[in-house]
1. As a quick test, which of the pairs 191/329; 191/341; 176/307; 70/232; 312/354; 169/355 have an alpha carbon distance above 18 angstrom in this structure?
2. Pull out a ≥ b ≥ c, the square roots of the eigenvalues of the alpha-carbon gyration tensor of the range 288-359, then state rounded if a/c is under 1.5, prolate if not and a/b is larger than b/c, and oblate in the remaining case.
3. Which part of the range 328-370 falls in the paramagnetic zone of residue 33, meaning amide N under 20 Å from the point 7 Å along Cα-to-beta-carbon?
4. Hey, fewest Cβ within 10 Å first, where do 21, 327 land in order?
5. Could you tell me the center-to-center distance, by alpha carbons, between the range 191-262 and the range 6-74 in angstrom?
6. If you put +1 on each Lys and Arg Cβ and -1 on each Asp and Glu Cβ, how big is the dipole of the range 305-356 around its Cα centre, in Debye rounded to 20?
7. To one decimal place, what Kirkwood hydrodynamic radius in Å is obtained for the range 46-205 from all pairs of distinct Cα atoms?
8. Rounded, prolate or oblate: which fits the chain, taking a ≥ b ≥ c as square roots of the Cα gyration tensor eigenvalues, rounded meaning a/c under 1.5, else prolate when a/b beats b/c?
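Nothing in this text is a laboratory measurement; each read-out follows from the coordinates by a stated rule. Being a predicted model, the structure only gives us computed values, none of them experimental. Don't worry about glycine lacking a Cβ; one is built from the backbone with ideal geometry, like all the others, and counts go over all protein chains shown.
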Amino acid sequence: MHRVILTGGGTGGHIYPALAVAEQLNEEPELESLLYVGAKGHLEEKLARERGLKFFGVEVSGLPRSLSPKLLSWPFQLLAAVFELRRVMKDFRPTVVLGTGGYASAPALIAAKLLGIPYAIHEPDAHPGLVNRLFSGNAWLVSCGMQGASRRLRPARGRVVVNGNPVSKNFLSPLKRDAAAAVLGLRPDLKTILITGGSQGARALNDAVLDILPELLNVDPHLQIVHQVGEKNLYECKERLEALGLSSGRYFLRGYFDDLSIPYAVADIAVCRAGAMTISELAVVGTPALFIPYPYAAADHQTHNAKYMVGKGAAILLPQSELTAEVLKKELLALVQDDEKLRTMRKAMNAEGKKQSSRDLASQLKEVSIAYQVRVNKAQA
């Protein structure tokens with residue numbers, strides 16, 4: 001029987017892979033118990049509890065990058081979290097720990113190492129984050145979401161596997177185009193552009209889209225646009241639309257989609273950020289993309305992700321520093337009017353989709369768990 005701790009947080013890119021693995025593990029009859037560990041009161045707690053997972057939160061924050069009183073107190077906060085998790089792990093008795101990155105995973109991985117409990121890490125991005133780089137050396141298993149990360153993470157004894165990023169089952173069996181269009185009230189016969197800056201929206205992208213919206217719709221009568229602007233930006237965007245006097249039935253404004261697999265399934269092209277999970281979801285659905293990476297992401301990892309997909313022929317990269325309304329209009333019209341290019345990009349994007357990633361990583365975790373239990377039993381014999 002397996003007792004698993006999942007840990008990771010800070011951003012959705014670190015949390016959603018862990019949640020997808022939890023979804024898979026909870027279907028395994030050999031699973032005895034599952035616990036999610038993360039930063040108390042942060043996004044990972046909210047999402048884990050929404051899915052009915054047991055959650056244990058610790059007080060932990062990222063390493064301050066400048067001289068400040070917080071920098072002096074940070075090591076003591078980390079140590080307190082580590083000792084608290086040592087106690088939790090002694091009670092929970094995990095047979096394997098999986099860290100999916102972010103500062104929230106560090107205390108649990110340190111505690112596991114101190115207790116001799118095997119841990120695995122999963123790196124979602126093409127450019128590995130700091131925590132995963134630091135802990136990969138002693139990992140029993142290093143799982144990578146993208147091939148590029150496998151060249152930068154080298155465990156001393158464990159193995160490196162390119163699994164792809166685990167995604168929710170909604171993306172593994174998406175609706176057909178006609179059905180997805182019906183759910184959203186769209187026409188399935190029109191070329192569809194999905195524009196999204198993520199759940200929070202992206203002001204720079206929203207502004208550029210609204211600047212060119214009337215022209216886009218007028219240039220091509222066979223075009224419809226679905227625009228997720230972020231709940232916090234919804235009122236402002238509605239006001240701008242009213243000022244434009246736009247009454248087209250081919251533009252659909254949304255604050256937030258609970259399930260992006262539905263608009264992905266009807267989209268001919270997605271204009272979006274380049275987070276690891278966004279890319280993995282697009283890949284399993286097979287939706288080509290125009291990536292506008294978030295320029296302030298840690299180590300500019302979204303640009304690394306986007307470049308990787310551009311190299312595969314699945315996407316186009318438009319840096320935010322070069323984003324203007326005119327440039328965006330030119331790129332979008334060139335894409336939607338080139339059916340052959342869209343077909344080629346869709347095929348390339350689909351080739352990058354790894355639909356077995358959740359199952360594969362869950363299976364590998366069970367292998368680590370079994371190896372550890374065999375070792376313990378031998379030591380006790």
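1. Long pairs (Cα-Cα over 18 Å): 176/307; 70/232.
2. Taking the square roots of the gyration eigenvalues as a ≥ b ≥ c, the range 288-359 is oblate.
3. Zone members listed by number: 365-370.
4. Fewest-to-most Cβ neighbours within 10 Å comes out as 327, 21.
5. Centre-to-centre (Cα) distance: 32 Å.
6. About 340 debye.
7. One over the average 1/r among Cα pairs gives 18.8 Å for the range 46-205.
8. prolate
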